[in-house]
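Participant: Pasting a structure below so you can have a look.
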Amino acid sequence: MDNALLRLLTWFSPAFPTGGFAYSGGLEWVVEAGGVTGEASLTAWVEDTLRAGALWSDAILLRLAYRDEPVAALGMALCAGLERRLETSAQGDAFAKAAAAWPGVAWDEAPVPYPVAAGQLAAAHGVDEDAAVLAYLHAAVANMISAAVRLIPLGQNAGLRVQAGLEAEILGAVHASAAASPEDLGGAAWATEIAGMRHETQYTRLFRT
């Protein structure tokens, strides 16, 4: 066994300082508004994000960056609001700085979206492309569920049931994005984008998005 899996586990572990725990992806607003109230509605929310929202575009951006396509500026242009831009640029910057322990990447000029930074690092160190997308999406979904556990509030066991129930969706997004091109970027999960923008002016906040 080589170092690829070990590195992948490190890069997307909670200990890697990307600050993912600070972001809810708009969930904080939609929970307050009553749109996500339990396991079923949380599952549906994350499914939409994977199928036609930010995580779908992130999977494609990671793959394109892995293949050495210049997509950093495009990835930033896809951000629908200020907080989505902050989420992906701040995490991308933090990821790139932390990844200095694994040299070999000529980083694009900041800002670099988080999935673009992840794709570039994975390619530079011979990590399997599908595995990198899987790890990225798994970590992103886990962060969203962790936020929901605190916000709804949802018990830890309920959160784990949601995570287990989304395994097929995560694998589906990995499979579907494999043949995607830049023309497939973008989506139609309008509620998730609106939630992110509404969160910008939410009176009481625990999360940055």
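All of the numbers you see were taken from the coordinates with simple rules; none came from a lab. Since we're looking at a predicted model, the values are computed, not measured. Virtual Cβ from ideal backbone geometry, glycine too; neighbours counted across all protein chains shown.
Participant: Multiply the residue gap between T201 and L160 by 0.36 nm, knock off their C-alpha separation, and tell me the result in nm, one decimal place.
Facilitator: Residue separation times 0.36 nm, minus the Cα-Cα distance, leaves 11.7 nm.
Participant: Here's something else I'd like to know. Using helices alone, what [θ] at 222 nm do you get for the chain, with -39,500 (n - 2.57) per DSSP H run of 4 or more residues, divided over all residues and rounded to the nearest 500?
Facilitator: Helices in the chain give a 222 nm mean residue ellipticity of -19000 deg cm²/dmol.
Participant: Along segment 13-21, what does the Karplus equation 6.51 cos²θ - 1.76 cosθ + 1.60 (θ = phi - 60°) give for ³J(HN,Hα), rounded to whole Hz, x for Gly and Pro?
Facilitator: Computed from phi, the couplings for segment 13-21 are 7, x, 6, 6, x, 8, x, x, 5 Hz.
Participant: Sticking with this structure for a sec: Taking only Cα atoms and a 10 Å spring cutoff, compute GNM fluctuations for the chain and point out the largest among L74, L185, L121.
Facilitator: L74
Participant: Please give the net charge around E83, taking every other residue with its beta carbon less than 12 angstrom from that of E83, where Lys and Arg add +1 and Asp and Glu add -1.
Facilitator: Around E83, the charge tally is +1.
Participant: Which residues' amide hydrogens lie under 5 Å from the amide hydrogen of R208, considering only partners 5 or more residues apart or on another chain, with H built in the peptide plane?
Facilitator: Answer set, sorted by chain and number: Y23, S24.
Participant: Of A147, A135, A15, which is the most mobile in a GNM of the chain whose springs link Cα atoms less than 10 angstrom apart?
Facilitator: Evaluated over the chain, the most mobile residue of the options is A15.
Participant: Give a residue-ordered list of calculated ³J(HN,Hα) values for segment 79-92 (Karplus: 6.51 cos²θ - 1.76 cosθ + 1.60, θ = phi - 60°; whole Hz; x for Gly, Pro).
Facilitator: Values per residue, Gly and Pro as x: 5, 7, x, 4, 6, 5, 4, 4, 4, 6, 6, 5, 5, x Hz.
Participant: I'd like the Karplus ³J(HN,Hα) series for segment 134-147: coefficients 6.51, -1.76, 1.60, θ = phi - 60°, whole numbers in Hz, and an x wherever there's a Gly or Pro.
Facilitator: Once rounded to whole Hz, the list reads 4, 5, 4, 5, 4, 5, 5, 5, 4, 5, 5, 5, 4, 4.
Participant: For I194 and F16, calculate 0.36 nm times their separation in residues minus their Cα-Cα distance, and state this gained length in nm to one decimal.
Facilitator: Here the segment from I194 to F16 would lengthen by 61.2 nm.
Participant: Of L64, L160, L50, which has the largest mean-square fluctuation in a 10 Å C-alpha GNM of the chain?
Facilitator: Among L64, L160, L50, the largest GNM mean-square fluctuation belongs to L160.
Participant: Counting other C-beta atoms within 10 Å, and keeping those with at most 12, which DSSP coil GluC sites (Glu not before Pro) do you find in segment 59-157?
Facilitator: Sites meeting the loop and neighbour criteria: E109.
Participant: May I ask for the net charge around G19, where only other residues with Cβ less than 14 Å from the Cβ of G19 are counted and Lys, Arg are +1 while Asp, Glu are -1?
Facilitator: Net charge in that neighbourhood comes out at -1.
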